[in-house]
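Peer 1: Quick one: the structure is below, questions incoming.
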Protein chains: 2
Amino acid sequence: MDTAERPYFETHVFCCTNVRPPGHKRGCCAEGGSEKLRDYMKARVKELGLPSTRVNSAGCLDRCELGPVMVIYPEGIWYGYRTRDDIDEILETHLVGGGRVERLRLTPDQIPPKG
Amino acid sequence: MDTAERPYFETHVFCCTNVRPPGHKRGCCAEGGSEKLRDYMKARVKELGLPSTRVNSAGCLDRCELGPVMVIYPEGIWYGYRTRDDIDEILETHLVGGGRVERLRLTPDQIPPKG
């Protein structure tokens, strides 16, 4: 990897914060409190002083039924989460420890049910 | 890479569409037309039938002065762009061809001027 290929952020987290109207059959991540959970994650990353780590909002990641969801790059690992405790576990195990939170992890074959 | 590590999207593009108030000293990607350019890119990806490719909006990617900006994962390559022609070149050269658009590329050492 040459210098130009060095990542700008070593760890880039995208939390879906898409909002759909109440009652939409797919639901939406916002319905599960994704905005507040993203805010919490951003604040904790700052408090923990994690280097070269950014937490961003993203538009619909198209896995609505499994949400709130996030994807962490460059590793491309997805999580579904519900609570601050879930976020804490992702921070400690994945972002700090370099591991995976298997109980929250979404696998590529978890396709949302359609219709 | 085991099956679980296979990416859900082979190519995941995040276009910053953050909006700041007019006159903000850092500017913002929305000021450069990022929403319309993202819409154009989404439409072209669909028309081209690019497999396992998703184009998303993102919140502020913190490189405002270089914007509109996008980052493409998992490769972690950043581009600054202004026009539909720029988007077309990124689509053809990077997403279809697997290359890099050197004239639009942002390198990790391009730090926005502060203050």
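Each reported figure results from applying straightforward, stated rules to the coordinates on display, with no laboratory input. If you're wondering where the values come from, they're calculated on a predicted model, not measured in any experiment. All Cβ positions, even for glycine, are placed from backbone atoms using ideal geometry, and neighbour counts span all protein chains on display.
Peer 1: Scan the range B:87-114 residue by residue and report those that are in contact (Cβ under 8 Å) with a residue 40 or more places away in the chain and farther than 15 Å from B:HIS12 by Cβ.
Peer 2: Residues satisfying the conditions are B:ILE87, B:ASP88, B:VAL96, B:LEU106, B:GLN110, B:PRO112, B:PRO113.
Peer 1: Something else: Specify which of the listed residues (A:GLY59, A:GLY49, A:GLY32, A:GLY27) is under 21 Å from B:GLU35 (Cα atoms) and either in contact with a helix residue (DSSP H, G or I) (Cβ under 7 Å, 6 or more places away or on another chain) or free of Cβ contacts under 8 Å to residues at least 60 places away in the same chain (or both).
Peer 2: Only one candidate qualifies: A:GLY59.
Peer 1: Just a yes or no: is a residue in the range B:62-77 more than 14 Å from chain A (Cβ to nearest Cβ), in contact with a helix residue (DSSP H, G or I) (Cβ under 9 Å, 6 or more places away or on another chain) and over 22 Å from A:VAL13 (Cβ atoms)?
Peer 2: No, the range B:62-77 has no match at all.
Peer 1: Condition check: closer than 19 Å to A:ALA58 by Cβ, at the interface with another protein chain (Cβ under 9 Å from one of its Cβ atoms) and crowded, with 16+ Cβ neighbours inside 10 Å. Does B:ALA58 satisfy that?
Peer 2: yes
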